[in-house]
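Presented below is the structure to which this report refers.
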Amino acid sequence: MKEEWGTANPRDWANESFAITRAPATKYCVQHGSSCDARSGAVDIDHGYVETNIKIVRQQLQKAGVRLAHLLETALHR
C-alpha cells in the first residue's frame, strides 16, 4: 500500500483530499446533489471531531511522509 502512495501523482493526491473534504464527518461542505458548497464560518474542532477524524488525519500524514520521501529521492537521484 505504501508503495502506491509514493507512485501516485499530485493530481491524484488533490482528488483524494477533495474526496475527504466532501465527507460529512469533515464538516467542510454541505452536499447539494453533486455540488459541495463550503460552509460559512469555522468548524469547531472539539474532542468529538478529533475522535471522528483521527484515523483519516493519521493516514494522510503517513501518506504525506511517504510522498515527500519519494519526491526527495527522485529529485536527489537525477
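The values are calculated or read from the model by the stated rules, or taken from the named source; none is laboratory data. The structure presented is a predicted model; accordingly, all values stated were derived computationally and were not measured. Cβ: placed from backbone, ideal geometry, glycine included. Neighbour counts: every protein chain shown.
Some notes on this structure:
- In the range 22-42, the residues that are among the polar types (S, T, N, Q) and surrounded by 13 or more Cβ atoms within 10 Å (Cβ to Cβ): THR26
- Residue within the range 59-69 that is without any contact (Cβ under 8 Å) to a residue 12 or more places away in the chain and outside any helix (DSSP H, G or I) present: no
- Reported count of residues in the range 26-48, each being acidic (Asp, Glu) and either at pLDDT below 90 or in contact with an Asp or Glu (Cβ under 7 Å, 6 or more places away or on another chain) (or both), is 2.
- Failed criterion for ILE45 (all others in (1) exposed (fewer than 10 other Cβ atoms within 10 Å of the Cβ); (2) not in a helix (DSSP H, G or I) hold): (1)
- Selected residue (only one of GLU16, GLU51 is of a type in the set (Asp, Glu), modelled with pLDDT of 85 or more and surrounded by 12 or more Cβ atoms within 10 Å (Cβ to Cβ)): GLU16
- Near pairs, Cβ below 9 angstrom, 6+ apart or cross-chain, from the range 1-23 (farther than 30 Å from ALA38 by Cβ) to any residue that is assigned to a helix (DSSP H, G or I) and of a type in the set (Asp, Glu): GLY6/GLU73
- The combined condition, being part of a helix (DSSP H, G or I) and touching a helix residue (DSSP H, G or I) at 6+ places or on another chain (Cβ under 6 Å), is fulfilled by THR52.
- Tabulated pairs, the range 25-36, first assigned to a loop (DSSP other than H, G, I, E, B), second aromatic (Phe, Trp, Tyr) and surrounded by 10 or more Cβ atoms within 10 Å (Cβ to Cβ), C-beta under 8 angstrom, 6+ apart or interchain: LYS27/TYR49
- Any hit, the range 17-24, residues being within 17 Å of GLN62 (Cα to Cα) and either out of contact with any Cys (no Cβ under 6 Å at 6 or more places or on another chain) or among the aliphatic types (A, V, I, L, M) (or both): yes
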